[in-house]
Amino acid sequence: MGFRDLRHYLAYLESRGQLLTIQDEIDPVFEIAAYLRKTCDTAGPALLFPNVKGHRMPVVGGVVNSRDRVVEALGFTRENALDRFLDGIRNPLPPVGVSIDEAPCQEIVLVGEEVDLARFPAPTYCAQDGGPYITMAVQVARDPDTGVPNAAIHRMQVKGKNRLGFFWSSANKHIKIQFEKAESRGQALEIAVIQGLEPSLLLASQVRAAYGVDELGIAGGLRGEPVEVVKARTVDLMVPARAEIVFEGRLLPGYRESEGPFGEFSGYYGPGSMSPVMEVTAVTMRRDALWQAGLTGPPVTENHALCGLPFEASLYYDLKQQFPEVRAVHLPLSGCARYTAYVSAGIRYRNQGRCILTSALGSNLKPKMVVLCDEDVDVFDETQVLWAVATRSRPGRDVIIIENNCLAALDPSAQEGINDSMAIDATRPFKEPFPEIARVPGVEKVPDLKALAGTVVGIK
Ligand SMILES: Cc1cc2nc3c(=O)[nH]c(=O)nc-3n(C[C@H](O)[C@H](O)[C@H](O)COP(=O)(O)O)c2cc1C
Ligand SMILES: [Mn+2]
């Protein structure tokens with residue numbers, strides 16, 4: 001079983017000495033972000049700020065700021081994380097409805113004129129950001145035809161009393177599909193913005209599932225227990241009952257407003273653009289609600305920690321459908337946990353590597369570079385991957401370049417999301433003689449010498 005809610009998870013972190021409470025008054029403009037930057041850079045503790053300047057609501061941040069913390073939060077291990085996550089995707093458990101009395105997220109309900117976003121301690125993060133941002137909320141909305149919900153994380157700029165700017169970073173984001181359907185009929189898209197969630201819900205929202213798959217079901221699959229949802233008050237949507245805060249409202253049709261800039265996961269500012277606006281119709285929350293902050297910027301941040309494993313598992317799932325020979329997928333931090341994918345596979349037939357690589361380039365993730373290695377290479381060890389590229393590939397034959405591919409718009413070297421993508425087949429030439437790896441016999445029998453350093457021992 002996983003964590004009931006964010007509080008349950010914070011209590012766990014505290015019991016493990018991984019939560020730091022900072023009593024001083026902290027400014028939501030840049031200062032919270034500075035502390036988050038520091039804790040992300042050092043794989044440090046989650047941070048609780050009970051004293052935020054100008055606000056009564058406490059802020060918590062840096063909650064899932066490393067891959068190790070993600071793996072631990074799910075109850076997985078480094079070794080089994082990819083396969084366990086794949087199990088969660090393959091065995092979703094649909095959410096179960098609960099009544100209003102069982103939904104802490106509706107202890108307080110503010111509707112219409114009672115809504116005032118200035119009352120929430122949304123931090124301003126990087127120097128040139130367009131304003132305060134909601135960065136760790138999951139947005140739930142439904143397809144206007146099928147009614148199937150989708151859950152994902154999108155940054156939202158706080159723009160006024162009841163208005164939030166919305167942003168999608170590429171054309172294949174599912175909420176963009178939903179919104180365009182509604183907008184083409186002149187209709188608004190109902191949306192719920194859910195703040196303060198335990199890790200499995202945040203991680204499930206990052207799965208690049210097929211359009212029409214409800215990511216809340218995947219959260220149930222990951223936890224081994226369904227997510228409890230309650231009916232929202234002013235929109236026809238079901239929202240996680242144990243969230244801290246829910247903003248309900250509508251994405252307005254036929255209207256765009258400037259949004260951004262914002263310091264992004266690529267490590268650079270994403271430029272401002274004309275984007276849709278959400279009109280907030282209600283806020284519901286716990287009586288003593290916490291605001292969950294989260295950093296984005298150069299790796300590693302919470303953004304990368306949250307995307308890494310779910311994106312890997314999504315690509316692994318896509319590839320495995322066609323190629324059971326695929327062994328592992330790693331999206332390294334050097335590629336911002338998105339642009340670069342390292343894949344390993346046991347190649348069975350000539351040029352199979354090219355099939356795997358072109359599939360990976362065309363997957364929903366749309367990586368910019370994919371490297372394929374043999375199964376004896378540990379793709380989580382970047383040195384081994386680059387060693388395979390250096391020693392097993394023949395660039396004239398093993399590099400595939402697709403020009404003018406439609407990729408991530410936030411890659412600063414892309415133009416409106418158009419860039420070239422590249423794949424490198426770093427597997428040994430198929431069924432051709434190839435030198436054996438030079439290995440020393442008996443290394444496995446030598447004990448951990450680092451642990452013994454500084455002592456004199458009889459080892460045998
Ligand atoms: C902290 C965080 C912030 C994110 N912000 C955005 C965003 O502003 N815009 C966006 O398009 N994707 C953003 N993402 C990535 C999407 O949530 C992710 O690609 C998701 O899988 C998309 O879901 P979908 O396939 O259902 O559209 C963010 C991810 C994280 C972890
Ligand atoms: Mn989706």
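The values are calculated or read from the model by the stated rules, or taken from the named source; none is laboratory data. Here the structure is a predicted model, which means the values were calculated and not measured. Here the Cβ positions follow ideal geometry from the backbone for every residue, glycine too, while neighbour counts run over all protein chains shown. We work out accessible area using only protein heavy atoms, side chains counted, and drop any ligands, DNA or RNA first. Shrake-Rupley method; radii C 1.70, N 1.55, O 1.52, S 1.80 Å.
Counted as qualifying within region 1-118 are the helices (runs of 4 or more DSSP H) with 3 or more residues that are over 18 Å from the mean Cα position of the chain (by Cα), namely 6-15, 31-41.
Looking at region 391-407, is at least one residue touching a helix residue (DSSP H, G or I) at 6+ places or on another chain (Cβ under 9 Å), among the basic types (K, R) and under 19 Å from Y268 (Cα atoms)? Checking region 391-407: not a single residue is touching a helix residue (DSSP H, G or I) at 6+ places or on another chain (Cβ under 9 Å), among the basic types (K, R) and under 19 Å from Y268 (Cα atoms). One residue stands out among those in region 139-151 that are outside any loop (DSSP other than H, G, I, E, B) and open to solvent by 20 Å² or more (accessible area, probe 1.4 Å): the one that is nearest to ligand 2 (Cβ to nearest atom), which is P149. Considering every residue within region 292-300, establish whether at least one is in contact with a Phe, Trp or Tyr (Cβ under 8 Å, 6 or more places away or on another chain), away from ligand 2 (no atom under 16 Å from the Cβ) and under 30 Å from E102 (Cβ atoms). Within region 292-300, not a single residue is in contact with a Phe, Trp or Tyr (Cβ under 8 Å, 6 or more places away or on another chain), away from ligand 2 (no atom under 16 Å from the Cβ) and under 30 Å from E102 (Cβ atoms).
Against the list (1) under 20 Å from the mean Cα position of the chain (by Cα); (2) in the same structural domain as Q106 (by TED's automatic domain parsing); (3) not in a helix (DSSP H, G or I), the condition M274 fails is (1).
In summary, Q321 fulfils each of the numbered conditions (1) surrounded by fewer than 19 Cβ atoms within 10 Å (Cβ to Cβ); (2) more than 16 Å from ligand 2 (Cβ to nearest atom); (3) among the polar types (S, T, N, Q); (4) in a loop (DSSP other than H, G, I, E, B) with the single exception of condition (4).
Looking across region 253-288, the residues that are β-branched (V, I, T) and open to solvent by less than 20 Å² (accessible area, probe 1.4 Å) come down to V277, V280, V283, T284. Note on region 152-165: residues that are within 16 Å of ligand 2 (Cβ to nearest atom) and closer than 19 Å to P261 by Cβ amount to 2. When every residue of region 215-226 is checked against the conditions, none turns out to be of a type in the set (A, V, I, L, M) and over 15 Å from the mean Cα position of the chain (by Cα).
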